Amino acid sequence: MLDSILSYSKMFHPKEGILLLRGKTKGGVVDVDGVVIPPGAIHGSGFSGFGWGMIPIDLSYVGVAHSHPSGYAVPSHEDLLHVTGKIMVIAGAPYHDESSLKIYDIHGEPLRFEVKEGGSSPADASSEWSPETGPE
């Protein structure tokens, strides 16, 4: 899943890429186990989006991942207005590894995450994470 987000972000650079996150939530932990390319996604300089009306109903969607080609992986005001699901993942250029990813809750608060064997990445809303320095 990590490689999918990073590869997709690289593919659309210098435009933003956008993906749906599929997984499950249990006990405040979001476990992401896959990504879906939204049909009809729009990729632009400084924005990306898709129409939810084109997405089949699927209760396994837990959030959205998108890229910030600027490398500044902090949610913008626009990101916070359109956040969907439990978490938002932002991949900041140059998209090398998990240090390029930042995860936030629906209020823009940073979350701690770990990459598990097999590629799933749970996010724990009770943990502290600094978007500038990483785990505290």
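The values are calculated or read from the model by the stated rules, or taken from the named source; none is laboratory data. Computed from a prediction, not measured in an experiment: that's the story for all the values here. Methodologically, a virtual Cβ is constructed for each residue, glycine included, from the backbone with ideal geometry; neighbour enumeration extends over all protein chains shown. Note: accessible area is taken over every heavy atom of the protein model, side chains too, but ligands, DNA and RNA are not part of it. Shrake-Rupley method; radii C 1.70, N 1.55, O 1.52, S 1.80 Å.
Between 87, 42, 55, which gets the highest mean-square fluctuation from a Gaussian network model of the chain, Cα cutoff 10 Å? Of 87, 42, 55, the Gaussian network model singles out 55 as fluctuating most. In the Gaussian network model of the chain, springs joining C-alpha atoms below 10 Å, which of 18, 106, 37 carries the largest mean-square fluctuation? For the chain, modelled as a Gaussian network with Cα springs under 10 Å, the answer is 37.
Computed with every protein chain present, the accessible area of residue 10 is close to 110 Å² [probe 1.4 Å].
Take residue 114: with every protein chain present and a 1.4 Å probe, its accessible area is about 90 Å². Amide H to amide H distances under 5 Å link residue 50 with 42, where only residues 5 or more positions off or on other chains count and H is placed in the peptide plane.
Placing a pseudo-label 7 Å from each Cα along the Cα-to-Cβ vector at residue 80 and residue 45 gives an inter-label distance of 2.7 nm.
In this structure the amide hydrogen of residue 17, modeled in the peptide plane, comes within under 5 Å of the amide hydrogens of 67, none closer than 5 places in sequence on its chain.
If r is the Cβ-Cβ distance from residue 105 to residue 37 and R0 is 22 Å, what FRET efficiency results, to the nearest 0.05? Spell out each step's value before the answer.
Details: r = 24 Å, r/R0 = 1.08.
With R0 = 22 Å, the Cβ-Cβ based efficiency is 0.40.
Charges were assigned to the Cβ only: +1 to each Lys and Arg, -1 to each Asp and Glu. The resulting dipole of the range 36-124 about its Cα centre is roughly 140 debye. Rolling a 1.4 Å probe over the heavy atoms of the protein chains gives the chain an accessible area of 54 Å² per residue. Extending 7 Å from Cα along the Cβ direction at residue 115 and again at residue 13 yields two label points whose distance is 1.5 nm. In whole percent, and with a 1.4 Å probe on the protein chains, what portion of the accessible area of the chain is carbon and sulfur? Carbon and sulfur atoms account for 56 percent of the accessible area of the chain. The count of lysine pairs in the range 10-125 with alpha-carbon distances below 27 Å, taking only pairs 8 or more places apart or on different chains, stands at 15.
Please compute the Kirkwood hydrodynamic radius of the range 5-58 from all pairs of different C-alpha atoms, in Å with one decimal. Provide the component values of the computation, followed by the final result.
On the way: mean 1/r = 0.0806 Å⁻¹.
The answer is 12.4 Å.
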